[in-house]
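The values are calculated or read from the model by the stated rules, or taken from the named source; none is laboratory data. These numbers come from a predicted model, not from an experiment. Please note: Cβ atoms are built from the backbone with ideal geometry, for glycine as well, and neighbour counts cover all protein chains shown.
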Amino acid sequence: MAIDERARHRLYERLEAVLGPDEAAILMEHLPPVGWADVATKRDLDALQEANRREHDLLHRDIEGLGGDVHQTRTILIALFAAVVAISGLSFAAAHLA
């Protein structure tokens, strides 16, 4: 039987009749909001952790492999930024002189 909101509501009403409204609410709050098939297990979390660890290791190796390329790219970007600022300043000055 699929558990949907209607089934959950019927369960709550039955629990309320047997246990009372406060106890029924407490018990319902401890149920997952979806079916048990949608709840992650410890095995799912372990597999996800291992996949993340492998991706992290690959990324770390890729970054280490770049080595000088990262430094070179940073130097180029700083030079380009300085050039853009200088050209902007010259353009602004030329506009005010005219």
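Mind checking which helices (runs of 4 or more DSSP H) fall wholly inside region 1-86 and carry at least 3 residues that are of a type in the set (Lys, Arg)? First the steps, then the outcome.
Details: elements: 5-19, 21-29, 42-66.
Correct list: 5-19, 42-66.
Given Arg53, Arg43, Arg14, which one is exposed (fewer than 10 other Cβ atoms within 10 Å of the Cβ), out of contact with any Gly (no Cβ under 7 Å at 6 or more places or on another chain) and at pLDDT 90 or above?
On the way: Arg53 fails: exposed (fewer than 10 other Cβ atoms within 10 Å of the Cβ); Arg14 fails: exposed (fewer than 10 other Cβ atoms within 10 Å of the Cβ).
Testing whether each residue is exposed (fewer than 10 other Cβ atoms within 10 Å of the Cβ), out of contact with any Gly (no Cβ under 7 Å at 6 or more places or on another chain) and at pLDDT 90 or above leaves just Arg43.
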Residue match in region 78-89 (condition: among the aromatic types (Phe, Trp, Tyr) and at pLDDT 85 or above): yes
